[in-house]
Amino acid sequence: MSDEARPTMQKPVRRSNGPHRRPGPRSVTELKVLLAACSVSATIAGWALISNRDALSDMVVAAEDPEQTMTTLLDAATDVAPSETVTPTVTSQDIPVVDLSHLPRAPVIVLPASPSANQLPGSSAGASLGSSPAVPASAPPSSAPSTAVQQPQGAPTIRTVTAPPTRPVPAARPAARTRSSQ
Amino acid sequence: MQTKHQSLEQDLNELGGWSPVTVVMLLTALVVGEVVGLLLLPQWLPGLSSSLLGENQKVYWYLARSSGVVAYILLWMSLVLGVLLSTKTASRWLGQQVSLELHRFSSALMVVFATFHVVVLLGDQWIRYTIWQVVIPFASEQYRPFWVGLGQIGFYAALAVYGSFWLRKFLTTRGWRLLHYAGFVVFVLLTLHGLYAGTDAETLRPLYQVALYTLLLSVFIRVLMRFQASRTQRAASLAAPEAASDAGSRASEGLPS
């Protein structure tokens, strides 16, 4: 049988890329590769974006609330959870009272009157270093542990505020992880 | 006579088997990628390196989030392509075969990325999922358990819908259709999962809205075209007996039909 007699057995002729071909990638495989590559790129870009945004939000939190950030850092350093409150274990009975009435009165030093120079920040216009104590004598005793020193009549009360005793560090636990962006 | 453009195209085809449009697209993508990379890498590198090498390695969590979003986009793409395939709209844009292949391939990619989204969570040291918590729906308690469970059910449903591509031979048309329509249930489940369990739900709200509205629009087009087709069919079926009777009367009168 001649070749002309059996045209159906010939391989189909591939259509050449003519001017009327559909624009864009020509085969399904190319489109599939494109789609897969875009998906992988989008995942990696998403990872980069999220990590960058997370780092930025941490920085913003640090800038907006430095006190909170410092507390968090200190908590992380001492391994104390932020929610835990440290209560002082020293009571008022533990504060020693020293009687200093037998001592001679301290001489009063009178500074030259210069309201602008002597005025304490936050005090009234008449308050100055030589005329008024920084801490009023009638101030209620603070609940914080302190050492009260009994002064001669008229002299300001000196309160020495001591730091609360350090809390024993609890057993090791996993480091606190803030997830601000979650 | 062959023009200069045609000869250049032929040369390129002979050289690499790539069409000039593809070559231009790839080159453009390369240049854009280089420029964007050069501009963004210095900013992104610290975050990337700290998520990879820092004390708290968050890379697993970040990859889980980004791959989840990509899987959702692929699901949306597959669904919209599927609906538009049934309306012949996609066939007009891309061709029947290309649309069908893309519909299938995007479903497969969706399953791959959703699997990655699940598996990579096992590496996260903060959430500490076990393999059983990942596999069994509603078994986890660490993080928004109900919405995570919905996502797990949605993932299994997506697997079933994807399996329907291969089980078509063994299913009746009605069964296959029902199984394939479960894709919409998958979409609803995973949208809820993304909205209520997703960390980036607030940022990605426009994405969810666009996905929902475009899918609804494509379904609306589908219903509208179905309605029009049934009307045309009814009109044709009404017109057919009249034409037949007309032809019969002409034949009985000996006139040409």
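Listed here are the residues, each with its yes/no results for (1) assigned to a helix (DSSP H, G or I); (2) surrounded by 17 or more Cβ atoms within 10 Å (Cβ to Cβ); (3) touching a residue at least 24 places away in the same chain (Cβ under 8 Å).
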{"position": "B:LEU189", "(1), (2), (3)": "yes, yes, yes"}
{"position": "B:TYR196", "(1), (2), (3)": "yes, no, yes"}
{"position": "B:ALA201", "(1), (2), (3)": "no, no, no"}
{"position": "B:VAL210", "(1), (2), (3)": "yes, no, no"}
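Being within 21 Å of A:ARG53 (Cβ to Cβ), at pLDDT below 90, assigned to a helix (DSSP H, G or I) and within 11 Å of chain A (Cβ to nearest Cβ) holds for only one residue in B:TRP93, B:TRP44, and it is B:TRP44.
Let's see how each residue does on (1) part of a helix (DSSP H, G or I); (2) charged (D, E, K, R); (3) over 18 Å from A:GLY46 (Cβ atoms); (4) more than 9 Å from every other protein chain (Cβ to nearest Cβ):
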site: B:ALA64; (1), (2), (3), (4): yes, no, no, yes
site: B:VAL69; (1), (2), (3), (4): yes, no, no, no
site: B:SER78; (1), (2), (3), (4): yes, no, yes, yes
site: B:GLU101; (1), (2), (3), (4): yes, yes, yes, no
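Of the residues B:VAL32, B:VAL36, B:VAL80, which is aliphatic (A, V, I, L, M), modelled with pLDDT of 75 or more and surrounded by 12 or more Cβ atoms within 10 Å (Cβ to Cβ)?
Selected residue: B:VAL80, the only one of B:VAL32, B:VAL36, B:VAL80 that is aliphatic (A, V, I, L, M), modelled with pLDDT of 75 or more and surrounded by 12 or more Cβ atoms within 10 Å (Cβ to Cβ).
Among the residues of the stretch B:123-133, not a single one is within 8 Å of chain A (Cβ to nearest Cβ) and without any contact (Cβ under 8 Å) to a residue 12 or more places away in the chain.
If the condition is being surrounded by 14 or more Cβ atoms within 10 Å (Cβ to Cβ) and within 15 Å of the chain's Cα centre (by Cα), then the stretch B:166-184 contributes B:HIS180, B:ALA182, B:GLY183, B:PHE184.
Let's see how each residue does on (1) touching a residue at least 60 places away in the same chain (Cβ under 8 Å); (2) more than 10 Å from every other protein chain (Cβ to nearest Cβ):
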{"residue": "B:TYR72", "(1), (2)": "yes, yes"}
{"residue": "B:VAL98", "(1), (2)": "no, no"}
{"residue": "B:SER140", "(1), (2)": "no, yes"}
{"residue": "B:TRP147", "(1), (2)": "no, yes"}
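The values are calculated or read from the model by the stated rules, or taken from the named source; none is laboratory data. Model, not experiment: these values are computed from the prediction. Cβ: placed from backbone, ideal geometry, glycine included. Neighbour counts: every protein chain shown.
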